[in-house]
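Here is the structure we will look at, set down as structure tokens.
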Amino acid sequence: MSLIPILRFYFVPKITVPEFGTFEIDQGKRLVLALEDNGVDISHRCGGNAQCTTCRVVFTEGEPENMTEAEKSLLQSKIEGGEESAKLVRLSCQIIVNQDMSIEPQMLVSKMDWDEPGKRPEEKVTPPPVWGSKLSSS
Ligand code: FES
């Protein structure tokens, strides 16, 4: 019997965010909620539905290779600077935490002229995800 499923079960991913710290996260949690639930005032103005880009983050380590079609479409259409700029950011509402990650949120509520982050995203990725590869590997 392989030990990989058992090791996966016990693996507890960590997220590191400069100025906030390092947090242990339940595997499979949406990144946007993992951040918010650990005190990072991440914005999510569309409620985590891949419509606004305010939950955008830059990865310094641990960027997932997969990407939802909704994320890909929004990044390609809304990020200023074209395809090359779109490859530099990811949408935390479209990412599931399954590995260690180091990230830099780009639109914290405290740094924007907003008084709240937006409606809390659902626990599951919305819209229902269709998974593909990230922009830089396509
Ligand atoms: S795109 Fe709006 S919260 Fe992620």
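Data for the structure
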| item | result |
| --- | --- |
| Highest to lowest packing among 46-57, 24-35, 103-114, scored as the average C-beta count within 10 Å | 46-57, 24-35, 103-114 |
| Whole-number percent relative contact order across the chain, with pairs defined as alpha carbons under 8 Å at least 6 apart | 35 percent |
| Difference of contour (0.36 nm per residue) and Cα-Cα distance, ASP113 to SER85 | 7.7 nm |
| Set of aspartates and glutamates near LYS111 by C-alpha distance (under 16 Å), chain-local residues within fewer than 8 positions excluded | GLU19, GLU36, ASP41 |
| The chain: C-alpha gyration tensor shape, a/c 1.5 cut-off, then a/b vs b/c | oblate |
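Here, each number is a calculation from the coordinates, and none is a lab measurement. Predicted model, so just to flag it, every value in this text is computed and none were measured. All Cβ positions, even for glycine, are placed from backbone atoms using ideal geometry, and neighbour counts span all protein chains on display.
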